Structures are given as structure tokens and as C-alpha cells.
1. Please compute the net charge surrounding VAL102, taking Lys and Arg as +1 and Asp and Glu as -1 over other residues with Cβ under 12 Å from its Cβ.
2. In debye to the nearest 20, how big a dipole does the chain give about its Cα centre with +1 on each Lys and Arg Cβ and -1 on each Asp and Glu Cβ?
3. Counting Lys and Arg as +1 and Asp and Glu as -1, what is the net charge of the other residues whose Cβ lies under 12 Å from the Cβ of TYR85?
4. Is there a pair in LYS40/LYS170; LYS120/LYS182; LYS70/LYS113; LYS54/LYS113; LYS120/LYS172; LYS20/LYS100 whose C-alpha atoms are over 28 Å apart, and which pairs would that be?
5. Please report the net charge: other residues with Cβ closer than 10 Å to the Cβ of LYS120, K and R +1, D and E -1.
6. Per residue, how much accessible area does region 1-122 show when a 1.4 Å probe rolls over the protein heavy atoms, in square angstrom?
7. Counting only C-alpha contacts under 8 Å and six or more residues apart, can you give the relative contact order of region 61-193 as a whole percent?
8. May I ask for log10 I(q)/I(0) of region 9-51 at q = 0.19, 0.23 Å⁻¹, from a Debye sum over the Cα atoms as equal point scatterers with solvent left out?
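The values are calculated or read from the model by the stated rules, or taken from the named source; none is laboratory data. Computed from a predicted model, the values in this text were never measured in an experiment. For neighbour counting, all protein chains shown are included, and Cβ atoms are generated from backbone atoms with ideal geometry for every residue, glycine included. Ligands, DNA and RNA are stripped out before the accessible areas are found, and what is left, the full protein with its side chains, is counted by its heavy atoms. Shrake-Rupley method; radii C 1.70, N 1.55, O 1.52, S 1.80 Å.
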Amino acid sequence: MKDLATRFDEFIANKYPTLKFRPQQREVILDIIETFYEGKTDFYLLDAPTGSGKSVIAILFSDFVSSEGKTGYILASDLALHAQYVNDFENFGLNWGVVKGVDNYVCDMNGEKFSVGECKMRGMSGSESAKLQCYGTCGYFSARNRAMKSPVSLMTYPYALIQRNYVDDKMKESGQPVPFDKRDFVVCDEAHK
């Protein structure tokens, strides 16, 4: 098997032939990848100044390891950073899942925030909501379902924490599949917030 640096360089050359790394970006990404594959630690902390390209580092790490069959989440501390990632995904040609908290979506049926949307007011679960006519056009369910299937999914910290610490338990209790189960990696951008 080729060493990680060679695999990474070939991946970048094939997928992003015009990419120019900022100083030390490639080396940092390779160090993160090597640490990830060595499995000696569960955490890698990158403290770098504004403008060093931390989001690009996160994206290229995630893209490379997902190309090798790994799955993960990228967590954004706020909606501005979330929007930056969405823009970066588009610039890199990545069709990854993107989901925000439920009240960032409007119900197609009653025009209210999703948390007081038609299915919620009826007390319906996600699987029950799938029976409604609006399910196919629902912004929230469309985003959630796409993010569930994506090898890398972007979400906000509050949404991810609710999914892992509340929804996960409720779904398991009711014998239903967990929407966002544990994955191979989590990138926590601006974790200090």
C-alpha cells in the first residue's frame, strides 16, 4: 500500500489539479491524516491564526479520508461559519449533506418555523411525517435526509448535540433507526465557542 503522503498528493493532483496550498497547509493536513490513521489518540487540536485556511484544512482532510471510505461530521459554531462552509463546499464541488437547526426551516403547510409546523403540531415523528404530502418538499426533511446519507455532513453544534444526546436515545428506545449515528471522525471548527 502506498504511504499516506503519496496517496494524499495523488488525490489532490487528480481532484484539485490547480489547488495551491497556503504555507504549512499541506503539512498540517498530512499530520492530521497520519494521526487519524495511527489511532493513537482520539483528538487533534489545531490552533492556527485567522487566514491560515483552517476550513480548507478541515475540508481537504474530510474529503481525502471520505474518499477512502471513512464517514464524518463537520460542526460549525454558528450560522455564519456554516454558510462559509456551504460556500466552500460549492467552490470545491462537494455535494455533501448540510443541515441546520429545525427552526432555520419553514413549514410548507402553515408557513411557521418547523418546530411548530404541521407535522409537529400533529405530534408526528419523522417516519410518520413521511406520510404527509408536504414531506417531499419540506426543506428540513430534505436537508436532514441528504445529510444522513452523505459521507460527510455539515451541521451546527446545537443540532449535532441534540441529535447525539437526545434524538439518538429516543430513536433507540422506540426501535427506530438513529438519523445521525456515530461516524469515523468529527471536525469541530471554532470549538472554543
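1. Working: positive: LYS100, LYS113, LYS120, ARG144; negative: ASP103, GLU112.
That works out to +2.
2. On the way: 23 positive and 26 negative charges, 84 e Å.
Taking the Cα centre of the chain as origin, the dipole is about 400 debye.
3. Numbers: positive: LYS54, LYS100; negative: ASP78, ASP88, GLU90, ASP189, GLU190.
Computed value for this residue: -3.
4. Numbers: LYS40/LYS170 32 Å; LYS120/LYS182 26 Å; LYS70/LYS113 34 Å; LYS54/LYS113 33 Å; LYS120/LYS172 20 Å; LYS20/LYS100 31 Å.
Over 28 Å Cα-Cα: LYS40/LYS170; LYS70/LYS113; LYS54/LYS113; LYS20/LYS100.
5. Values: positive: LYS113, ARG122; negative: GLU112, GLU118.
Overall, the nearby charge balance is 0.
6. Values: 7020 Å² over 122 residues.
On a per-residue basis, 58 Å².
7. Numbers: 169 pairs, mean separation 53.8, N = 133.
Taking the mean separation of contacting Cα pairs over the length of region 61-193, I get 40 percent.
8. With no solvent term, the Cα-only Debye profile gives -0.72, -0.92.
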